[in-house]
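Visitor: Before we start, here is the structure in question, set down as structure tokens.
Just so it is clear, none of the values below were taken in a lab; they were calculated from the coordinates. Remember, it's a predicted structure, so these values are computed and weren't measured experimentally. In this analysis, Cβ positions are derived from the backbone assuming ideal geometry, glycine residues included, and neighbour counts consider all displayed protein chains.
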Amino acid sequence: MNRGLKESSLKTAFRNERSLGPLYTSGPLTFAPDGSRIITCVGEDVLLTDVHSGNEVCRFLGDSQTTHSLCVTPSGTHLIVFSASLSFRLYELPSTSTEIKKPIPPIRTVARAHDSPIHVCQVDPSSTYLASGSADGVVKVWDIHRGFVTHVFKGHGGVVSALAFHFPNNSSTLASPTMRLITASVDTRIRIFNLTSGASTSSAGGKPEAVIEGHVSVPRGLDVSQDGRWLISAGRDSVALLWDLSAIDSTGQSSRKKSGTPVMRPVLAKTISTLERVEAVGFLSPEEKLPASSGKEGLCFYTGGSKGIIRLWDAKSGEVIWKSGEGHEVVDDQDESRQIINILHVPSVSTLASVHADQNILCYSLLTGETTRYLIGYNDEIIDATFLTSPFSSPKQSQANFLALATNSPLIRVYATDTFDARLLEGHLDIVLALTSSTGGKLLGSSSKDKTARIWAPLESDRSTSWGYRCIGICEGHAESIGAIVMPHHHQQENLNTLNFMFTGSQDRTIKMWDLTSLGNWSEVISTESVARCRSLTTLKAHDKDINSLDIAPNNRLLVSGSQDRTAKIYEIMYKEGSKHSATRGELKCIGICKGHKRGVWTVKFSPTDRLVATGSGDKTIKLWNLDDFSCIKTFEGHTNSVLRVDFLPTGSQLATSASDGLVKIWNIQDEQCVTTLDNHEDKIWALTIDADGRTIVSGGADSKITFWRDSTEAEAAKKESQRAEMVIKDQDFLNYIELKDYRKALELALATNQPGRLYSIFRNISSSAGGSLPKGLTGDTLVDEVIRTLAIPDLARLLSFVRSWNSNAKTSGVAQRTLFAIVKLRSADGLMRVFDDAITIKSFDIDNTDETSPTANAGMTGMKELIEAIIPYTERHLSKVDRFLQESYLVDYILGEMDDGMFDTDSTDHGVDVEAY
């Protein structure tokens, strides 16, 4: 490849195309009524995220306290948030799905809504009233739009655990369309309050019209059917109770309120054993169609809890008609991370979403019963990453459609890069440490602390929504955790559906070569339910300490390993495929050792084009080794901490590295120069992977953030060329304006292009052209005076910033003082104050404005103060210098007068010093 072609293929710029941070860490969450957006909590922040694209829409301005409960009005217009500070905040939900940079402030805030933490809140179906329950057993009902309390209910025996409004759409089944509030608390009782005739804001609180008992443990969920007749309650006593609310006490006037409203007397209609601790329960809408496999219609409800799956129940028969996640049910409640803590029902899109204790959200379609979307809430520390191609694409397609992540978890995350829908791959029993993919990205390999390695293949499906991966092979035999894994490369003539061998490196300091021929053609194996047990072809004691990284040469003949013993070793791969009369054989032979690093080697990588291998070490350096004599030929220095990952771009002429300093660097191999540094992480970057065409780099780190860096070399070059061409035209225009003495356009052009040097030359030339003659205006030219008098506020702000810089230098201070004098004389005091209230001024003077409530007033005062404080000291210094020159001139006059008896006596009022310029 010639030099010109190589230089043209070098990548010098990458832009942050997208960052994927935590979506949900803990606390409450909810969907917007249309199901297109989700509101979640990340730390102390409340986020609004677009479900389909995974893009963060906005954040809501809070009080830096943990959110205890939140809800969205059924109309989808407002969000209510209760935080640990006991405050109640009301926000307007934005209607747009485009990103909003600034946090959205609340439209109403109640500083102390309750006297104890508020754990539950609910809005009535008309989006008029809000009910909130606190830990001290007090329930308040609020008028949302007017912002005051309408009811206060006390008497609960502890923390209020659930709320539900009883306001039926069809009141024909009941004797009265009265609105009621149903509450549950830790005393196991369920109370019904009448909001129409039982209004009370007194300190004693309103009394319930009914108190029903049936649970022996805290009820965790309540819901009322759409027609208002049925109430379902479920809790940690592993039962769901169905109550008939249509029973009205009519034993006489004593049972009626003063207003004549009948008193509700619920009757227990059915007790259903759920065989699990229930954390969420609710009715389905009558018009919602159930999964095709259920074949049931009528009154149905859902439950979810300690088993980690959603169950749909027939309320009349008490039978389970459908359950989610076949084969993923938690056994004996041991895996607490998979348990359901909440279920979100979105009737508008017939979706049930289960929220699990491991911060993951699974969305199921009620029409098909299949998983429609998997939202990963929190990835924790990202350890490794690799690109995978779509199982539905052809081998010729190089576009990476999926990204696999190993995090601080036994579960492997696989993201669809276009929609960020995800899947969790279950199988490992301990933290997954390393990932690898086969050429073409069809197969995925993983290694774990559980001392095993697994091979995963894509599931065949005609529908893109039901994609996934399944384990087809397990490698067992290492004595310690496996920290490195690598698959061989395929050549064009080879079948991408076959795989012969694989290597793993372990903490037991050995490298194993695995025979994968038992997998055969994996596209056929995937159709079966069996998992192959792969055998080890050879085991080699390779290093004196842990093995951190492995890589195979592009021709599949060499293997390199990097270890904590500060060395990298090169091995020759000897593989012979078996036949009918002989078994498959494989061996490794060490042919070279790369010594030179002062600390452990974290990463190794073969060049895709040359006989080179790159290593990254804890000594903050990257070294390039020659495979002919295993000598170090280049050393790259620039990272300030341990280099954790290194990879070659596909051309082989550049390196991408990541380190513990949170930076990704791109290096030119030929001149050993870092061409660009990519910064978007706040902690160690453990994961780094590049797609097949080298246009996208993905980095992931201990900050739980994934960043997609997109090659923008061509765009940046085109932008620079456009700017250069535009600057050439403006330079010519500037010279033309000066020649024509069109100072207005010349000054405006110099200010617009931010060229203080040319602007200074204009004022200097005008001042010098006036010479000793009478000055023409304050600046030396009346036309320039008129320009300063009528300059726009942004241009005047830039001019003042230039004057501040000129005044700091004695050589340019004369022009600065003359220009400042003209500005003060030609512009009014109010006009100058308005300059410092402009947003352009804030940018021109680098003002740090942290007060979001008054961005211009504080910044304006700060800008004026900074300008004056910057000009006065230098001006005093220049004036003292002029005074000193003046005094010295008197001494010269005196000496000359004494020497020639006054022959050269001059007027003492003029000493050749241009005082007026200062």
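Visitor: Report the gain in length on full extension from Lys102 to Ser808: 0.36 nm times residue separation, minus Cα-Cα distance, nm rounded to one decimal.
Guide: Difference between extended and current length: 250.5 nm.
Visitor: Taking K and R as +1 and D and E as -1, what net charge do the other residues with C-beta under 15 Å from the C-beta of Ala240 add up to? Write out the running numbers ahead of the final one.
Guide: Details: positive: Arg220, Arg236, Lys270, Arg277, Lys307, Arg311, Lys316, Lys323; negative: Asp223, Asp237, Asp244, Glu276, Glu279, Asp314, Glu319.
Taking every Cβ under 15 Å from that of Ala240, the sum is +1.
Visitor: Could you pull out every residue, at least 5 positions away or on a different chain, whose amide H is within less than 5 Å of the one on Asn548? Hs are placed 1.01 Å off N in the peptide plane, and Pro or chain starts have none.
Guide: Under 5 Å from the amide H of Asn548: Gly562, Ser563, Gln564.
Visitor: Expressed in nm to one decimal, what extension gain is obtained for the pair Val675 and Thr150 from 0.36 nm per residue of sequence separation less their Cα-Cα distance?
Guide: Difference between extended and current length: 182.5 nm.
Visitor: Right, something else. If I model a spin label at Glu44 and Glu748 as a point 7 Å from the Cα along the Cα→Cβ vector, what separation in nanometres do I get?
Guide: With each label point 7 Å from Cα toward Cβ, the separation is 4.9 nm.
Visitor: Assuming R0 = 51 Å, can you tell me the calculated FRET efficiency for the pair Glu17 and Glu572, based on Cβ-Cβ distance, to the nearest 0.05? Don't skip to the answer; put the middle values down first.
Guide: Values: r = 41 Å, r/R0 = 0.80.
According to the calculation, E is roughly 0.80.
Visitor: For a quick check: with amide H placed at 1.01 Å from N, whose amide H comes under 5 Å from Leu93's, ignoring anything fewer than 5 positions away on the same chain?
Guide: Under 5 Å from the amide H of Leu93 lie the amide H atoms of His78, Leu79, each far enough along the sequence or on another chain.
Visitor: I want to check the label-to-label distance for Lys316 and Ser217. Put each point 7 Å from Cα in the C-beta direction and report it in nm to one decimal.
Guide: 3.1 nm
Visitor: Taking H placed 1.01 Å from N in the peptide plane, check which residues at least 5 places from Val486 or on another chain put their amide H under 5 Å from its amide H.
Guide: For Val486, whose amide H was placed from the backbone, the distant partners under 5 Å are Phe503.
Visitor: Sticking with this one: Suppose R0 equals 51 Å. What FRET efficiency, 1/(1 + (r/R0)^6) with r the Cβ-Cβ distance, do Lys589 and Glu682 give to the nearest 0.05?
Guide: Efficiency, from the Cβ-Cβ distance: 0.70.
Visitor: May I ask you to list the lysines whose Cα is less than 27 Å away from that of Lys825, ignoring any residue fewer than eight positions away on the same chain?
Guide: Lys741, Lys745, Lys776, Lys811, Lys843, Lys865, Lys881
Visitor: Cα-Cα over 21 Å: which of Lys451/Lys705; Lys11/Lys720; Lys598/Lys620; Lys512/Lys569; Lys449/Lys576; Lys451/Lys595?
Guide: Lys451/Lys705; Lys449/Lys576; Lys451/Lys595
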